[in-house]
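The values are calculated or read from the model by the stated rules, or taken from the named source; none is laboratory data. These numbers come from a predicted model, not from an experiment. Cβ sites come from the backbone with ideal geometry, for glycine too, and all protein chains shown count toward neighbours. Remember, those area values only see protein heavy atoms, side chains included, never the ligands or the DNA or RNA. Shrake-Rupley method; radii C 1.70, N 1.55, O 1.52, S 1.80 Å.
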Amino acid sequence: MSPPLNPALAFSTFVVGVPNQLAFSAARAAADSPRPPFNPLFLVGAQGQGKTHLLQATGAQRLHVDATAIVEYLTWREFLAKLKHLSREHAVAEFNRVDLLLLDDLEPVGNAEVVEHSLVVAVLASRFDSGLQTVCAGEMPPADLSGAGEAVSQFLSGGLVAEIGPPDDALREELVRRRASAAGVSFSSSVIDAVAGLPCDSVRELLGAVSRLIAFQEVSPVPLDPAQARILVTGVMESDPMTPPPQMVVAAGDAGARAPLATADPNETNSGNQDEFGSFLSEVVAGVSQQVDRWRSRVADAILAWEAEGIHTARLHALLDQELPAQPEAVLERFEDDVNRLRALAAEIVSLAPDLADHESLRDPDQLVLAERLLEEARTQGLRGFIPNASLLLTDLIEVTSNRAAFTALREAWDTRDGSANPIILVGDSGTGKTHLLHGMANHMSSERGVVCLSAGRFCSAIAEAEHEGRVGEWTRRFEWAGGLCLDDLHLMADHPVAQSALVDILDRLVEAKVPVVLTSLVPLTALAEFSPQLLTRMAGGLVIDLPRPDREFRLALILRLLEMADTTGMVDPGLADYLAGREASSIREVQGAVKRVLRASGRQGTAPTITLAKQVLESEHGPGPRSWSVAHAGVLGPTVGGTRLREKMIDAWPDVRDLLNETLD
């Protein structure tokens, strides 16, 4: 993720004229349109003509049109640096999530920064195919970017190339007026015309010259006249009105200055007013030069110091490109604060995921947002595979009087998140719906940080692996960033003291943070003799809910649902449902099994299921064979017997409830 866009660089602050009209219109269309009108759009112009301003304005306008849009602004070198650390698949996925990609300063690069050209084209072409806008800017047209690779140059040339030309007289005049007005300084029209008439190919240099006029006017007791303005801007005293106007010079100390500040001939005779003004001007210029030299030296020293520590300093180099920032010290202080924040993020990331230590974002304070995302990834690394079955929703499960306390407690635990009942432990016999409720609750606990849902068997296996690698503490720390924890079959941890200790640590973290925790157990807490006192104490501080065996109300609701799902006529025999519900059952699976047998028999006979058929199947001594409990899908993969997973603790990812019934009735 790129640093935030500069709010000052907006379309409203961009001065439009003939030399930049095409580029402005194309950039505005790219920002406003949901589908790219020109893709890619390439802005070409010399330094200081407003390319970066237009790029950032395009991003700001897109966010104004669509606040949910993802906009990323990168220099070409930053873009290549990110690609170096990504595979082709990940690179395409990473940049296809960006709605508007802004790439600045496209230029040929050195060998140390070369990225496989086919990777660059693959990323840009995938964005093009997906209808995602890309806007680039550079000093030379795509065809001249030989160092970027022929394939890259050809792709970039396939869109619209919009040139930004040097400012003409009208554009320079409007730029001078706008800058003076923004500073609250009023110049006469003759001064504005005089400055605008000086040859200047760079908008940046022109605005810098105006800044010097503004600084001078603020300390001068009298308004500037045109001659004084030209002298202040060019440094040349005028004696012959026929002499061509001198080229505008850059302020003292400015990087890339084309000529030193000119001085008048000492033998030239001038009027007393000119001598007095020239002396005052020299003092002003000398003071400004000293101020510029001081802050440039300070920034240069900071760049050397930070780069010696491996920190990227693009932000400080950009500061040197400015003529005289309003608060250079404040920029340096913010940079140092960002570096300190970056170091703290890097330290935690490396402690959690050492394999991320070389990530480029950990050395670039302009990529703090990306580093924060990387930290979230490190915090949850290894937990993303522990997710609930998406087909088991709390709203789809059967809620009746006997289990309403469990439903109410689960919903309130998430809705209030006040920690008053945490953890919640669901205790019940096999087949009473504990696992379905657990997964339903996990899906109900929608959270940006994700809900961890797994069986005790998988938990113990993961802890055993972490113990072997000596990183149990690191593994358990990751749960601190989970949005919820749902752990099935707690009783299976009886013979795993290390796993119990790890769970104590996790419960302490989550309960203190008021993150909901739901556990299930086949065995009452008082019968968990092999559990540590510390773990039992933590669980006793929560809410224990007993899930009863299915009573008549529950059985009737379940049977009606199963019969309705199987019936194609829309007419379910209420007498049949009442008869089946009247049969005692110790588990939900037993109810499902009885319905299955009746429906299977009716299918063989080609008739609708009836009470008579149900009695023949369920009460006859010569029934259709032993009951099959293969319909049960009450838990997650985990518990095993002799190396074989129990079918009753397996959940398949059924895309539709009817598919579940079809499997059940096979």
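In table form, for the structure just shown:
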{"quantity": "Most to least packed among 481-488, 571-578, 150-157 [average Cβ atoms within 10 Å]", "calculated": "481-488, 150-157, 571-578"}
{"quantity": "Among 504, 490, 527 - extreme Cα towards positive end, dipole of the stretch 394-547, charges at beta-carbon", "calculated": "504"}
{"quantity": "Relative contact order (%) - criterion: Cα under 8 Å, at least six apart; region: the stretch 296-380", "calculated": "28 percent"}
{"quantity": "Theoretical FRET efficiency, 1/(1+(r/R0)^6), r = Cβ-Cβ of residue 465 and residue 294, R0 51 Å, to 0.05", "calculated": "0.30"}
{"quantity": "Average Cα contact separation per residue, the stretch 1-96, under 8 Å, 6 or more apart, as relative contact order %", "calculated": "34 percent"}
{"quantity": "For the stretch 498-526 and the stretch 536-611, distance of Cα centres in Å", "calculated": "32 Å"}
{"quantity": "Nearest-10 value in Å² for the accessible area of residue 80, using the 1.4 Å probe", "calculated": "10 Å²"}
{"quantity": "Residues residue 553 and residue 501, FRET efficiency given R0 of 35 Å [Cβ-Cβ distance, rounded to 0.05]", "calculated": "0.25"}
{"quantity": "Long-range HN-HN contacts of residue 75 with modeled amide H, under 5 Å", "calculated": "104"}
{"quantity": "Partners for residue 615 among lysines (Cα-Cα distance below 23 Å; same-chain residues under 8 apart left out)", "calculated": "596"}
{"quantity": "Relative contact order %, the stretch 7-165, counting alpha carbon pairs below 8 Å whose residues are six or more apart", "calculated": "35 percent"}
{"quantity": "Total charge dipole magnitude, the stretch 38-119, about the Cα centre, Cβ charges on Lys, Arg, Asp, Glu only, Debye to nearest 20", "calculated": "40 debye"}
{"quantity": "Burial ranking of peptide ranges 70-76, 95-101, 6-12 (average Cβ count within 10 Å, highest at the top)", "calculated": "70-76, 95-101, 6-12"}
{"quantity": "Neighbourhood net charge (14 Å Cβ-Cβ; Lys/Arg +1, Asp/Glu -1) for residue 342", "calculated": "-3"}
{"quantity": "Nearest-20 debye value, the stretch 11-164 charge dipole, Cβ charges on Lys, Arg, Asp, Glu", "calculated": "280 debye"}
{"quantity": "Per residue accessible area in Å² of the stretch 296-380, where ligands, DNA and RNA are left out and the probe is 1.4 Å", "calculated": "48 Å²"}
{"quantity": "Rounded to the nearest 10 Å², the accessible area of residue 315 at probe 1.4 Å", "calculated": "60 Å²"}
